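Following: one structure in structure tokens, then a few remarks.
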Amino acid sequence: MKGTIQNRESFIRQLSSRLQRSAAPKHVERPQWGYTPQHKTLQNLSQDELLAVLQKQCTRINTNCIVTSSADLATTMEKVITDNGGGPIMAWQDERFDAYGLTSLFTQTLPEKQIELHTWDPAVGRENIALVEKANIGITISDITLAESGTAVLFSNPNHGRTVSFLPTKSIILIPKSSIVPRMTQAAMQIRERLQNGETLASCINFISGPSNSADIEMILVVGVHGPMYMTYIIIDDL
Amino acid sequence: MPMKVGDEPFNNRVGEGIQNTFMRSAVSGAQDRLEKNRQLAVEELSNWEEWRSLGEEIRQHVLANLDYYLTQLSDQVAARGGHVFFAASAEDARAYIANVAKEKQAKKIVKSKSMVTEEIDLNHYLEKHVGCSVVETDLGEYILQLDDDLPSHIVAPALHRKKEQVQESFQRHHQYEGSERPEELTKHARKMLRDDYLTADIGITGCNFAVAETGSVCIVTNEGNADLSTALPKTQITVMGMERLVPTFEELEVLVNMLTRSAVGQKLPSYVTVLSGPRQEGDVDGPEEFHLVIVDNGRSEILGSEFQSILQCIRCGACANICPVYRHVGGHSYGSIYSGPIGAVLSPLLGGYDEYKELPFASTLCGACTDVCPVKIPLHELLHKHRQTIVEKEGRAPISERFLMSIFGMGSSSSGMYKFGSKVASSALKPLTKGDHISKGVGPLKNWTDIREFPAPKKERFRDWFDNRQKGDH
């Protein structure tokens with residue numbers, strides 16, 4: 001569906017005239033910027049060094065950061081879920097959970113322990129919202145992870161509800177170690193590259209760095225405002 | 001004037017600000033903390049001056065090609081199925097948004113913090129003309145809205161409120177029974193607002209930056225309120241000042257990083273959200289309909305003028321956090337939603353000299369604001385330009401300023417007069433002096449001493465002191 005544009009002509013004409021030309025240029029080449037400090041920050045670090053930067057940053061953003069091997073992931077995940085008070089849980093629908101060996105945890109272990117787990121299902125529409133709103137834990141996966149700021153990057157799609165990382169009281173984000181990059185610079189470049197390769201742009205990209213917080217009352221930090229009150233990153237050593 | 005805050009004249013506002021001791025200690029405490037955090041955050045990037053140069057270069061390039069980038073942005077939004085409305089005035093913007101709300105038969109609107117919607121006074125308009133409720137979801141704004149109070153800081157809007165006042169306000173409006181502890185007050189707001197997100201018909205947001213290449217809007221928060229305001233209601237309306245855009249994700253990245261470091265000293269806030277059009281086919285959450293309202297409201301008159309660089313502003317508030325004047329008078333004294341040095345430059349441009357001619361004079365021109373500005377806006381030079389315009393072209397400096405200037409002109413135009421003046425100042429002002437302060441000034445001093453004391457001239461003149469110092473007496 002194509003959208004609409006209203007009042008553009010006169011608005012743009014006014015700007016062109018203030019910029020002393022008769023019309024907007026047909027094409028503007030983005031200049032080579034004179035300075036590029038963003039590429040120098042945290043450059044030439046190994047994946048282990050980037051992980052160390054990420055772990056250190058997590059201590060500054062009230063985020064629990066756990067590193068686990070692929071083999072131990074299911075056990076680690078179960079413990080984190082229990083420590084966070086169990087269900088109900090809402091997870092994205094994502095084949096990577098199977099690839100990470102979490103199928104039996106999700107379909108057997110948790111149900112046996114009476115821990116309710118739902119998977120985001122576009123087929124049932126708004127029912128997802130009712131479930132995610134009551135969920136104690138939301139589980140998502142980071143596609144790109146920024147070491148410098150301790151940021152997980154989540155891309156929405158029909159199987160990846162936006163609200164899974166916002167409405168539940170606690171949030172668990174799985175982070176493949178291979179997804180860690182120095183900073184937002186590399187994420188921005190990756191996103192542009194994907195678009196140039198013909199991928200569709202997600203309608204919502206979330207750069208999430210820790211639980212929600214506010215210092216609006218007398219500048220006193222309170223963790224847990226509208227989004228999750230507790231945040232756990234589980235780093236999977238997939239390298 | 002929608003941007004205008006209150007009807008009190010400037011001197012009364014300043015007087016109220018100075019006498020509000022809680023506000024003054026809150027502001028100075030916040031300033032110290034925010035500025036210290038900012039310094040730490042920029043020191044971590046060892047080459048901050050390079051970042052500033054890059055930030056400036058990006059902003060200047062966008063402004064020089066604003067007609068091109070806004071065309072590209074609107075094409076991209078429409079290609080994603082969004083609706084773009086170009087609003088020349090505040091009135092146009094309000095009317096369009098009200099129409100959308102009427103069309104949707106909106107009963108409730110949730111809104112995430114936005115300076116431009118404050119500027120166009122959107123909430124009151126919608127309440128009056130559409131009859132729907134508009135709920136501010138940023139915790140600070142939520143607190144202010146309950147008592148129809150106004151923001152006093154760009155990033156910490158409720159800075160002037162005590163926690164006990166918040167408690168009292170929640171008691172009065174919600175029969176709140178909890179304590180004054182911020183954790184508990186916040187939990188209460190969380191509970192109240194949860195229901196609002198789930199039942200709202202429309203979500204309205206501001207826009208920190210739009211991305212021309214992809215037709216995206218980027219919103220940053222620490223609370224996650226912008227995310228819930230856009231993920232749950234069926235319609236999203238984003239309102240942006242027309243200059244708030246970047247060419248691509250690569251420049252977005254640079255400016256978002258500089259914004260949050262400069263504003264609160266964070267590398268990134270908890271949530272940086274990039275939204276592109278309405279939800280995709282098959283998506284369950286996110287808006288079915290997306291509207292982008294691009295607001296001029298006086299900005300295009302600044303473009304191409306000697307004040308153009310003020311449009312580089314990314315609204316971090318670092319200039320207010322370091323300003324010695326803001327520290328003492330607080331945000332409300334500026335009489336505009338835009339306070340601090342940025343407000344003193346921008347408010348007269350958007351709201352006119354009639355309303356805001358005092359603001360450019362409420363500055364020591366110390367230049368601290370210019371030094372911290374992440375996009376290198378020469379703020380104190382722009383304040384000086386305003387003064388020149390007001391005095392030379394408009395011939396309407398504040399009256400005491402004119403008097404002072406003419407006396408100073410007379411007194412300092414010849415060295416004889418200057419020597420005489422500085423020598424007699426101490427004894428001439430003696431009748432007004434109490435200890436080493438003047439508390440009842442006359443003429444140009446009156447406005448000052450109505451509010452606070454003015455140090456009495458020393459018996460020893462500066463030049464004599466300096467001479468003696470040279471001789472090694474001090």
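Given (1) within 7 Å of chain B (Cβ to nearest Cβ); (2) farther than 24 Å from B:V284 by Cα; (3) crowded, with 23+ Cβ neighbours inside 10 Å; (4) of a type in the set (G, A, S), identify the lone condition not met by A:A188.
(3)
Scan the range B:70-79 for residues that are touching a strand residue (DSSP E or B) at 6+ places or on another chain (Cβ under 6 Å) and more than 7 Å from chain A (Cβ to nearest Cβ) and jot them down. Lay out the reasoning, then the answer.
From the range B:70-79, those touching a strand residue (DSSP E or B) at 6+ places or on another chain (Cβ under 6 Å) are B:73-74, B:77-78; that's our starting set.
B:L73 - this is the single residue of the range B:70-79 that is touching a strand residue (DSSP E or B) at 6+ places or on another chain (Cβ under 6 Å) and more than 7 Å from chain A (Cβ to nearest Cβ).
Select from the range A:135-165 the residues that are more than 10 Å from every other protein chain (Cβ to nearest Cβ) and part of a loop (DSSP other than H, G, I, E, B) and write down the one among them that is surrounded by the fewest Cβ atoms within 10 Å (Cβ to Cβ).
A:N136
Could you please give the count of residues in the range B:245-267 that are in a loop (DSSP other than H, G, I, E, B) and without any contact (Cβ under 8 Å) to a residue 40 or more places away in the chain? Step through it out loud before you land on a result.
If we filter the range B:245-267 for residues that are in a loop (DSSP other than H, G, I, E, B), which is where we start, we get B:247-248, B:265-267.
Keeping just the survivors that are without any contact (Cβ under 8 Å) to a residue 40 or more places away in the chain gives B:248.
Result for the range B:245-267: 1.
Might you let me know whether the range B:106-123 holds any residue that is among the β-branched types (V, I, T), within 14 Å of chain A (Cβ to nearest Cβ) and part of a helix (DSSP H, G or I)?
The first filter runs over the range B:106-123 and keeps only residues among the β-branched types (V, I, T), leaving B:109-110, B:116-117, B:120.
Filter once more, so that each one left must be within 14 Å of chain A (Cβ to nearest Cβ): B:110.
Subsequent filtering for residues that are part of a helix (DSSP H, G or I) retains none.
Within the range B:106-123, not a single residue is among the β-branched types (V, I, T), within 14 Å of chain A (Cβ to nearest Cβ) and part of a helix (DSSP H, G or I).
Please specify each residue of the range B:1-57 satisfying the condition of being hydroxyl-bearing (S, T, Y), assigned to a helix (DSSP H, G or I) and within 11 Å of another protein chain (Cβ to nearest Cβ). Before you say what the answer is, go through the steps one by one.
Kept after step one, since they are hydroxyl-bearing (S, T, Y), are these residues of the range B:1-57: B:21, B:25, B:28, B:46, B:53.
So of that shortlist, the ones also assigned to a helix (DSSP H, G or I) come out as B:21, B:25, B:28, B:53.
Selection gives B:S25, B:S53.
What pairs come out if I take residues in the range B:331-353 that are closer than 13 Å to B:M3 by Cα and pair them with residues that are of a type in the set (S, T, N, Q) and assigned to a helix (DSSP H, G or I) whose C-beta lies under 8 Å away, six or more apart or interchain?
Short answer, once both residue conditions are applied: B:Y334/B:S347; B:G335/B:S347; B:S336/B:S347; B:Y338/B:S347; B:S339/B:S333.
Just give me the residues in the range A:5-35 being exposed (fewer than 13 other Cβ atoms within 10 Å of the Cβ), closer than 25 Å to B:L252 by Cα and facing chain B (nearest Cβ under 7 Å), in sequence order.
A:P31, A:G34
Among the residues in the range B:142-150, are any more than 10 Å from every other protein chain (Cβ to nearest Cβ), crowded, with 23+ Cβ neighbours inside 10 Å, farther than 16 Å from A:E218 by Cβ and not polar (S, T, N, Q)?
no
For B:V155, state whether it is β-branched (V, I, T), at the interface with another protein chain (Cβ under 10 Å from one of its Cβ atoms), buried (at least 24 other Cβ atoms within 10 Å of the Cβ) and within 23 Å of the chain's Cα centre (by Cα). Steps first, answer last, please.
Working: β-branched (V, I, T): yes; at the interface with another protein chain (Cβ under 10 Å from one of its Cβ atoms): yes; buried (at least 24 other Cβ atoms within 10 Å of the Cβ): yes; within 23 Å of the chain's Cα centre (by Cα): yes.
For B:V155, the condition - β-branched (V, I, T), at the interface with another protein chain (Cβ under 10 Å from one of its Cβ atoms), buried (at least 24 other Cβ atoms within 10 Å of the Cβ) and within 23 Å of the chain's Cα centre (by Cα) - is met.
Return the residue satisfying two criteria in turn: it lies in the range B:59-86 and is in a helix (DSSP H, G or I) and among the polar types (S, T, N, Q), and of such residues it is surrounded by the fewest Cβ atoms within 10 Å (Cβ to Cβ).
Going through the range B:59-86, the residues in a helix (DSSP H, G or I) turn out to be B:59-64, B:66-79.
Now restrict to residues that are among the polar types (S, T, N, Q): B:60, B:71-72, B:74, B:76.
Working: B:Q60: 16, B:T71: 22, B:Q72: 21, B:S74: 27, B:Q76: 22.
Result: B:Q60.
Report yes if A:V132 is within 13 Å of the chain's Cα centre (by Cα) and either in a loop (DSSP other than H, G, I, E, B) or more than 7 Å from every other protein chain (Cβ to nearest Cβ) (or both), otherwise no. If you could, list the steps in order and put the result at the bottom.
Numbers: within 13 Å of the chain's Cα centre (by Cα): no; either in a loop (DSSP other than H, G, I, E, B) or more than 7 Å from every other protein chain (Cβ to nearest Cβ) (or both): yes.
So A:V132 fails the test.
Looking at A:S46 and the list (1) within 14 Å of chain B (Cβ to nearest Cβ); (2) free of Cβ contacts under 8 Å to residues at least 24 places away in the same chain, which single condition is not satisfied?
Among (1) within 14 Å of chain B (Cβ to nearest Cβ); (2) free of Cβ contacts under 8 Å to residues at least 24 places away in the same chain, A:S46 violates only (1).
Within the range A:4-25, how many residues are touching a Phe, Trp or Tyr at 6+ places or on another chain (Cβ under 8 Å) and in a loop (DSSP other than H, G, I, E, B)?
The qualifying residues number 3.
Please find, within the range A:63-87, the residue that is modelled with the lowest pLDDT out of those that are part of a loop (DSSP other than H, G, I, E, B) and either surrounded by fewer than 18 Cβ atoms within 10 Å (Cβ to Cβ) or of a type in the set (G, A, S) (or both). Steps first, answer last, please.
Within the range A:63-87, the subset part of a loop (DSSP other than H, G, I, E, B) is A:70-72, A:84-87.
Those left that are additionally either surrounded by fewer than 18 Cβ atoms within 10 Å (Cβ to Cβ) or of a type in the set (G, A, S) (or both): A:70-72, A:85-87.
Values: A:S70: 95, A:A71: 95, A:D72: 97, A:G85: 97, A:G86: 96, A:G87: 90.
Ranking the qualifying residues of the range A:63-87, first place goes to A:G87.
I want to confirm something. Restricting to the range B:162-200 and keeping residues that are touching a residue at least 24 places away in the same chain (Cβ under 8 Å) and part of a loop (DSSP other than H, G, I, E, B), which single residue is nearest to the other protein chains (Cβ to nearest Cβ)?
Ranking the qualifying residues of the range B:162-200, first place goes to B:K162.
Mind checking whether some residue in the range A:168-183 is facing another protein chain (nearest Cβ under 7 Å), in contact with a strand residue (DSSP E or B) (Cβ under 8 Å, 6 or more places away or on another chain) and of a type in the set (A, V, I, L, M, F, W, C)?
From the range A:168-183, those facing another protein chain (nearest Cβ under 7 Å) are none; that's our starting set.
Scanning the range A:168-183, I find no residue that is facing another protein chain (nearest Cβ under 7 Å), in contact with a strand residue (DSSP E or B) (Cβ under 8 Å, 6 or more places away or on another chain) and of a type in the set (A, V, I, L, M, F, W, C), so the answer is no.
Out of curiosity, is B:C313 more than 14 Å from every other protein chain (Cβ to nearest Cβ), surrounded by fewer than 24 Cβ atoms within 10 Å (Cβ to Cβ) and either within 30 Å of B:G351 (Cβ to Cβ) or over 17 Å from the mean Cα position of the chain (by Cα) (or both)? Show your work before the answer.
Numbers: more than 14 Å from every other protein chain (Cβ to nearest Cβ): yes; surrounded by fewer than 24 Cβ atoms within 10 Å (Cβ to Cβ): yes; either within 30 Å of B:G351 (Cβ to Cβ) or over 17 Å from the mean Cα position of the chain (by Cα) (or both): yes.
Here the answer is yes, as B:C313 does meet what is asked.
Output the number of residues of the range B:280-310 satisfying the condition of being free of Cβ contacts under 8 Å to residues at least 12 places away in the same chain and buried (at least 24 other Cβ atoms within 10 Å of the Cβ).
If we filter the range B:280-310 for residues that are free of Cβ contacts under 8 Å to residues at least 12 places away in the same chain, which is where we start, we get B:280-284, B:304-305.
If we keep only those that are buried (at least 24 other Cβ atoms within 10 Å of the Cβ) as well, we get B:284.
Total satisfying the criteria: 1.
The values are calculated or read from the model by the stated rules, or taken from the named source; none is laboratory data. Since this is a predicted model, take the numbers as computed values, not measurements. Cβ atoms come from the backbone with ideal geometry, glycine included; neighbour counts cover every protein chain shown.
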